[in-house]
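Chemist: Dropping the structure in here first, questions after.
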Amino acid sequence: MFENFKRSWNRRSLKDESYEWMFEPYEGDEVVVFDTETTGLNTKKDAVLSIGAVKIKGDRILTSESFEIFMKPSREISAESIKIHHIRPCDLENAIEPLEGVEKFLKFIGNRPLVGYYLEFDVAMMNRLIKPWLGITLPNKQIEVSGIYFDKKIELIPQGNIDLRFDTILRDLKIPRMGQHNALNDAIMTAMVYIKLKHTHKLH
């Protein structure tokens with residue numbers, strides 16, 4: 001009920017009618033897994049540097065339809081943040097303007113459900129770019145993989161402390177860590193986690 005109210009309130013704030021399709025109910029069998037690399041973890045001040053996304057259709061990761069863009073930062077990249085995201089100023093030489101990046105991202109995701117690891121952060125970072133432009137926040141359904149993992153794990157250890165770190169989840173599900181840490185690789189690994197969790201009735 002509240003979700004529906006929030007959704008119609010959000011829709012009423014849409015500044016550009018040509019984006020009405022974002023609010024259509026999704027009828028297909030695809031989801032989009034996405035991840036961002038940012039200058040830091042402050043959703044009010046930091047900037048998105050890159051977005052990586054991949055579609056899943058049924059149980060197949062459509063790597064041939066993957067999405068990766070780099071965006072011009074609105075502020076200087078600190079040496080500290082380079083240690084986290086490994087994106088150097090030279091990697092951003094062909095980066096596009098944030099608004100162009102967001103437009104491409106919305107076209108890629110359509111009205112499909114979004115999947116991610118600590119997705120709330122990535123969505124908040126995207127909303128900061130979308131809201132001033134379209135007046136809305138992302139209306140897509142959101143699926144959090146750490147939440148699915150937690151629900152399956154808690155059945156086994158009801159009082160237990162569940163480690164929700166990404167590396168722990170990968171190890172537990174026997175998913176190999178892909179080399180370079182970047183938004184697209186993180187999205188692909190998260191996609192593998194999602195598919196594995198869909199088929200795992202019980203975790204050990």
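The values are calculated or read from the model by the stated rules, or taken from the named source; none is laboratory data. All figures in this text were calculated on a predicted structure; none of them were measured in a lab. No Cβ is skipped: glycine too gets one built from the backbone with ideal geometry, and neighbour counts run over all protein chains shown. Heavy atoms of the whole protein, side chains included, go into the accessibility calculation; ligands, DNA and RNA do not. Shrake-Rupley method; radii C 1.70, N 1.55, O 1.52, S 1.80 Å.
Chemist: Kindly list the residues of the stretch 78-108 that lie in the label zone of Glu24, defined by a backbone N under 20 Å from the point 7 Å along the Cα-to-C-beta vector.
Modeler: 103-108
Chemist: Quick one: which residues, 5+ away or cross-chain, put their amide H under 5 Å from the amide H of Thr38? H built at 1.01 Å from N.
Modeler: Excluding prolines and chain starts, which carry no amide H, the hits are Leu49.
Chemist: I've got another one for you. Using the heavy atoms of the protein chains and a 1.4 angstrom probe, tell me the accessible area per residue for the chain in square angstrom.
Modeler: 56
Chemist: Let me ask you something else. So for the stretch 123-197, taking the charge dipole from beta-carbon charges (+1 Lys/Arg, -1 Asp/Glu), which of Ile157, Thr168, Ile195 sits furthest toward the positive end?
Modeler: Result: Ile195.
Chemist: Now, a different point. Using a 1.4 angstrom probe on heavy atoms only, work out the carbon and sulfur share of the accessible area of the stretch 36-139 in %.
Modeler: Solvent-exposed carbon and sulfur of the stretch 36-139 make up 52 percent of the total.
Chemist: Something else: Divide by every residue of the chain the summed helix terms, -39500 (n - 2.57) for each DSSP H run of at least 4, and state the resulting mean residue ellipticity at 222 nm, rounded to the nearest 500 deg cm²/dmol.
Modeler: Helix contribution divided over all residues of the chain: -12000 deg cm²/dmol.
Chemist: Going 7 Å from the Cα of Leu92 along its beta-carbon direction, which residues of the stretch 48-70 have the amide nitrogen within less than 15 Å of the resulting point?
Modeler: Counting backbone N atoms under 15 Å from the label point, the list is 48-51, 69-70.
Chemist: For a quick check of understanding: with a 1.4 angstrom probe and all protein chains in place, what accessible area in square angstrom does Tyr26 have, to the nearest ten?
Modeler: Solvent-accessible area, nearest 10 Å²: 70 Å².
Chemist: While we're here: Given N residues in the stretch 120-204, what is its alpha carbon radius of gyration divided by 2.2 N^0.38 Å?
Modeler: The stretch 120-204 yields a ratio of 1.29.
Chemist: Got a sec? What order do His199, His181 fall in by accessible area at 1.4 Å, biggest, i.e. largest, first?
Modeler: Putting His199, His181 in descending order of accessible area: His199, His181.
Chemist: Cα-based Rg of the chain per 2.2 N^0.38 Å, rounded to two decimals?
Modeler: Ratio of Rg to 2.2 N^0.38 Å for the chain: 1.05.
Chemist: For the stretch 37-102, take the convex hull of the Cα atoms, compute a quarter of its surface area, and give me that in nm², please.
Modeler: 5.5
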